[in-house]
Amino acid sequence: MAVRVGINGYGTIGKRIADAVAKMPDMELVGVAKVSPDYGAIIAKSKGYRLYTLSDRLGVFRDKGIEVDGTIEDLLSSVDVIIDTTPGGYGIKYKELYRKYGIKMIFQGGEKPEVADVSFNTLCNYRDAIGKESVRVVSCNTTGLLRLICTLNHYYPVERVRAVIVRRAADPKEVKRGPVNAIVPNPVNIPSHHGVDVRTVLPWLDIVTSAVAVPTTLMHVHIVNILFKEEISPDRVVEALEHNERIALIDSKSTGIKSTAEIIEVARDLGRYRYDVPELIVWRDSLYVNGRELMLIQAVHQESIVVPENIDAIRALMAITDDPMKSFKLTNKILGISGELISFLKS
Ligand code: NAD
């Protein structure tokens with residue numbers, strides 16, 4: 001029996017997770033809930049997705065001539081799992097309503113950790129989420145950091161992480177956000193919340209992050225410094241990163257991919273839907289190894305990196321499999337994630 005999934009909030013993250021759920025062989029997308037009768041609603045309908053809204057918004061959709069399949073309560077009464085992708089801070093307000101239907105809940109990184117039983121990343125703590133009532137899939141930056149840290153920790157125990165996060169100012173569709181012409185310490189205080197958020201999944205880790213926001217919409221970039229408990233070898237670090245299908249190692253010299261702009265250009269040229277790059281991109285030639293220390297530069301496509309983790313979170317909550325790698329592999333296969341941004345340019 002396919003797991004019945006609903007999505008509340010059909011924006012940047014919600015629409016991508018909806019498409020991913022619709023593709024999964026063990027899941028059924030029951031529908032999506034939206035509050036605004038805008039282009040997003042029309043596109044959702046054109047994809048054949050059932051559309052739901054709040055009861056006091058039914059008239060607004062009707063006035064715009066957009067047919068709605070029911071209220072959010074109708075959606076909640078026909079799903080096993082609801083994925084909340086409303087703007088940060090709204091999920092907690094919906095939680096009591098979701099609870100009334102006795103369904104599982106997945107929240108996003110814009111919510112406080114207390115919203116859910118577990119903060120989640122597939123490779124770090126899938127098993128902690130099995131059978132729980134709710135999980136919170138951590139934000140894009142935290143997901144990027146955790147993918148890297150847990151991949152490497154499997155090969156060499158990690159002692160300490162320090163990272164500088166260069167944040168994109170806004171998503172491409174966000175017309176009202178800045179900065180337009182500044183580099184903004186964001187936040188000014190150190191540590192930034194990103195490292196604190198990593199510790200919601202890895203409480204034992206000594207991690208400090210700082211962040212600045214820059215005027216770009218394409219991707220985030222992280223400069224990461226990891227100290228391990230033992231000496232590391234560059235070859236084994238490469239082996240670890242290559243082994244993870246959700247990490248794509250890219251050599252800037254042989255590929256000409258020297259910036260986030262070129263990563264996105266490759267995704268566009270390949271015809272990737274919405275130019276999404278759910279893989280964590282690590283520049284191979286940024287790797288610096290010295291004894292127990294590693295430094296590297298990585299890039300995170302904020303709009304899509306959390307999509308595979310949301311799919312795995314469904315399997316964990318529903319206890320479809322207790323093997324994280326089974327879910328990891330199936331999600332990757334269906335979403336076409338192979339560890340290569342572009343095969344003939346593989347480093
Ligand atoms: P978004 O603004 O693009 O989408 C939110 C959607 O929810 C919109 O369609 C909006 O109309 C709808 N909405 C607003 N109020 C609602 C309500 N009361 N009920 C139902 N729907 C409502 O936001 P997003 O970027 O997709 O972010 C969603 C969550 O994902 C946040 O927690 C965010 O922190 C997290 N997240 C965002 C990114 C990113 O880079 N955009 C990355 C990772 C995680």
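Summary of computed values
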item	result
Test: residue in region 229-247 that is touching a His at 6+ places or on another chain (Cβ under 8 Å) and free of Cβ contacts under 8 Å to residues at least 60 places away in the same chain	no
Yes/no for I311 being crowded, with 20+ Cβ neighbours inside 10 Å and either in contact (Cβ under 8 Å) with a residue 24 or more places away in the chain or assigned to a loop (DSSP other than H, G, I, E, B) (or both)	yes
Within region 207-299, helices (runs of 4 or more DSSP H) holding 1 or more residues that are of a type in the set (D, E)	234-243, 260-269
Single unsatisfied condition, M219 versus (1) modelled with pLDDT under 95; (2) open to solvent by less than 50 Å² (accessible area, probe 1.4 Å)	(1)
Failed item, numbered, when T255 is tested on (1) at pLDDT below 95; (2) open to solvent by 30 Å² or more (accessible area, probe 1.4 Å)	(2)
Any pair with Cβ under 6 angstrom, 6 or more apart, that starts in region 129-158 at a residue that is under 16 Å from E111 (Cα atoms) and open to solvent by less than 10 Å² (accessible area, probe 1.4 Å) and ends at one that is assigned to a strand (DSSP E or B) and of a type in the set (A, V, I, L, M, F, W, C)	S134/M105; V135/I106; V135/V118; V135/F120; R136/F107; V137/F120; N141/I165
Tally, over region 98-111, of residues that are open to solvent by less than 50 Å² (accessible area, probe 1.4 Å) and part of a loop (DSSP other than H, G, I, E, B)	4
Number of the exception - P191 against (1) open to solvent by 40 Å² or more (accessible area, probe 1.4 Å); (2) under 20 Å from I13 (Cβ atoms)	(2)
Subset of region 1-23 (residues that are small (G, A, S) and closer than 13 Å to T331 by Cβ)	A20
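The values are calculated or read from the model by the stated rules, or taken from the named source; none is laboratory data. Quantities reported herein were computed from a predicted structural model and do not represent experimental measurements. Positions of Cβ are backbone-derived with ideal geometry, glycine not excepted, and every protein chain shown enters the neighbour counts. Protein only, heavy atoms only, side chains kept; ligands, DNA and RNA dropped before computing areas. Shrake-Rupley method; radii C 1.70, N 1.55, O 1.52, S 1.80 Å.
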